[in-house]
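J.: The structure's right below; bear with me while I get my questions together.
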């Protein structure tokens with residue numbers, strides 16, 4: 001029986017989905033059509049618009065509030081992918097410039 005090598009790591013997706021909440025910097029929250037959206041900057045200095053339901057590498061944006069983002073962690077799936085299941089613990093709030 002041949003020896004199988006370990007699978008090569010899967011690179012993170014490009015764009016916002018490949019960034020964790022620790023890698024983004026809040027630049028502001030604006031209201032568009034009566035709903036809040038967040039403006040953030042990635043480590044590559046690109047800017048992104050975040051809305052509720054958007055996925056980052058380590059969580060899902062539950063809501064955008066005037067003070068920042070409310071994120072809920074995503075439970076990793078069996079192959080390292082996200083399952084969309086949410087754990088039963090408090091949400092993480094990101095807010096303010098420089099966070």
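J.: Find the residue count for the range 14-27, including only residues that are touching a residue at least 40 places away in the same chain (Cβ under 8 Å) and either in contact with a helix residue (DSSP H, G or I) (Cβ under 6 Å, 6 or more places away or on another chain) or exposed (fewer than 13 other Cβ atoms within 10 Å of the Cβ) (or both).
T.: Result for the range 14-27: 1.
J.: Can we say residue 43 is in a loop (DSSP other than H, G, I, E, B), touching a strand residue (DSSP E or B) at 6+ places or on another chain (Cβ under 6 Å) and at pLDDT 90 or above?
T.: no
J.: So residue 48 ticks every box in (1) at pLDDT below 95; (2) within 13 Å of the chain's Cα centre (by Cα) but one. Which box is left unticked?
T.: (1)
J.: Then there's this: Which of the residues spanning the range 41-72 are more than 13 Å from residue 28 (Cα to Cα), touching a helix residue (DSSP H, G or I) at 6+ places or on another chain (Cβ under 7 Å) and free of Cβ contacts under 8 Å to residues at least 40 places away in the same chain? Explain how you work it out, then say what you get.
T.: Keep residues of the range 41-72 that are more than 13 Å from residue 28 (Cα to Cα), which gives 42-46, 52-63, 70-72.
Still in the running and touching a helix residue (DSSP H, G or I) at 6+ places or on another chain (Cβ under 7 Å): 42-43, 54-59, 71.
Correct list: 42, 43, 54, 55, 58, 59.
J.: Of (1) assigned to a strand (DSSP E or B); (2) modelled with pLDDT of 85 or more, residue 13 satisfies all except one. Which?
T.: So the condition that residue 13 fails would be (1).
The values are calculated or read from the model by the stated rules, or taken from the named source; none is laboratory data. This is a predicted model, so every value here is computed, not measured. Heads up, the Cβs are rebuilt from the backbone with ideal geometry, glycines too, and the neighbour counts pull from every protein chain shown.
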